[in-house]
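The structure under discussion appears below in the form of structure tokens.
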Amino acid sequence: QVLGVGGDSTLYGTEPWWFYLANLSLNFNLAVPLALSWPLLQMLHSFSKSKPSFADELENFVALSPLFFWLVFFSAQPHKEERFLFAVYPLFAVTAGLALDLSLLLLARLASLLLPLRLSRLLAATAGLGVLGVSVGLS
């Protein structure tokens, strides 16, 4: 029924294309923008290194791309249920964690260009704890 073979899934109700984004926002709050921004953060991180090595980045893209394919494919389907996302919840959490790590690395690298080293590390740690605090407060 996912591909329209063997029946019409619209008999069970339809939802707009953004239904899964709204549902993920309720379940994962701050992890949603983090996970969705991971590809951009990964590219920024790989280009900001002095000796870019794209082998690790390509490995990450290959490992985490099923999450984005899954979201795009199931968002295009008219019939949507939360249970269709259960398979990618762990991958979503890993992607959000990697995005948080990359954002803190990029923030520390930017701060080290502008501030002394100890202050830049303190700023990155404070930002990480701030994200964690807001996430706990929203849940």
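Extension gain, L114 to T126, is 2.6 nm, computed as 0.36 nm per intervening residue step minus the present C-alpha separation. In this structure V94 has an accessible area near 80 Å², from a 1.4 Å probe over the protein heavy atoms. Here each label is just a point 7 Å from Cα along the line to Cβ, and for N29 and V72 those points are 3.1 nm apart.
In this simple spin-label model, placing a label point 7 Å from the Cα along the Cα-to-Cβ direction at both L105 and V134 gives a separation of 2.2 nm.
The values are calculated or read from the model by the stated rules, or taken from the named source; none is laboratory data. Just so we're clear, the structure is a prediction, and the values are computed from it rather than from any experiment. When we count neighbours, we look across all protein chains shown, and the Cβ atoms used for this are built from the backbone with ideal geometry, even at glycine. The accessibility values were calculated without ligands, DNA or RNA, using every heavy atom of the protein model including side chains. Shrake-Rupley method; radii C 1.70, N 1.55, O 1.52, S 1.80 Å.
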